[in-house]
Every structure is written in structure tokens, then in C-alpha cells.
């Protein structure tokens, strides 16, 4: 059989680019909410998949590439947008959070937590919590509202509306990897 990607370096490059493209594609699956500048999208799910599948270093490279290509203006961010203004806009903290999330999940996978559902779901939930803090903190700064408290806050605009959907994504991702490992073992 012909080896289509012959060297480890070429395989790594292919995986890194593939993860960036997956995240860019997942970013386009979005549902805008009228009361917040943060849409529902699948980029968090992609960040978990990239981290779990590629491990810490390749996930960092992949998400870094995703961010770099979006920052220079390629339509990688939600709504086929890109550029510095979008990166530093209301959702910039979430964009950086994708990189952190992928690295955290990659680290968990490298330590074997992706072999069993409960430890992997816990790792994904922790990574998502960090994403929320980064995203809501930056959103609070850009929009000019407090992070938490009563009334309009970073929490009410950038976390609360997403909890139920993200819980479903986190559990799905947390179950996906252990299921795949069971098939791989067979």
C-alpha cells in the first residue's frame, strides 16, 4: 500500500492544518442570539476534538494556526469573518479560550483520561470553565459591563445562555473518545 503521507513531520503538519480547518468549519455552524454578541457555535466542540485527538503540542499548533489565519483576515471566525478587529472584538476571549481548551484537553488525553468517560468529561468541563472565564472576562471588558453580579454582566451575556448547549457538547465529547478507544482496542 502506498503511504500517502510519508514522514512524521508531514503527518504532523497535516494533522495541525486539519485541526485548524475543522475549527474554522465548526465556527461557521452558528446560531446568533439577539441579546448577546456571542453566538452559539460548534468551535468549542472542535477545540475539544482537536485537543483530544492531537495532544498538547499539536493541538496548540493547530489552534494557533487557526487564530493566526483568522487574525490575518481569512474567514475562519464565526460568520466567515476574520481580521484583527474581530479577534479583539467581543468574542476575542473565546477565540483565545479555544487554544487554551484544546491544550488542556490534549494534556488530559496524553495522561490517558480520554480512555474513560468520567475523567475525560471532568477534563472537558474544567477546560470549558476556563474558556468561560476568558471569554466572559474579555466580553465584559469590550462591552463595558461587570463580569458578574446583577443586571447585564459578562456572565449573563457570555456564559449563562450557553450552559445547557455546552453541557450537551461536553458530554458528547467526553463520551466520544472512550467509545473510540473501545473500538480501537478490539
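What to note about this one:
- Residue, surrounded by the fewest Cβ atoms within 10 Å (Cβ to Cβ), within the stretch 57-73, restricted to residues that are over 12 Å from residue 16 (Cα atoms) and in contact (Cβ under 8 Å) with a residue 24 or more places away in the chain: 69
- Count of the stretch 138-174 residues which are surrounded by fewer than 21 Cβ atoms within 10 Å (Cβ to Cβ) and in a loop (DSSP other than H, G, I, E, B): 10
- Conditions (1) touching a residue at least 12 places away in the same chain (Cβ under 8 Å); (2) farther than 22 Å from residue 36 by Cα; (3) surrounded by fewer than 18 Cβ atoms within 10 Å (Cβ to Cβ); number of the one not met by residue 83: (2)
- Listed by first and then second residue, the pairs with beta-carbon distance under 6 Å, at least 6 apart or on different chains, first residue in the stretch 34-49 and touching a residue at least 40 places away in the same chain (Cβ under 8 Å), second buried (at least 19 other Cβ atoms within 10 Å of the Cβ) and assigned to a loop (DSSP other than H, G, I, E, B), are 37/90; 38/91.
- Any chance residue 9 is surrounded by fewer than 19 Cβ atoms within 10 Å (Cβ to Cβ), modelled with pLDDT under 95 and either more than 19 Å from residue 137 (Cβ to Cβ) or touching a helix residue (DSSP H, G or I) at 6+ places or on another chain (Cβ under 7 Å) (or both): yes
- Flag if residue 99 is assigned to a helix (DSSP H, G or I), farther than 19 Å from residue 34 by Cα and at pLDDT 95 or above: yes
The values are calculated or read from the model by the stated rules, or taken from the named source; none is laboratory data. Please read all numbers here as calculations on a predicted model, not as lab measurements. Neighbour counts run over all protein chains shown; Cβ positions are idealised from the backbone, glycine included.
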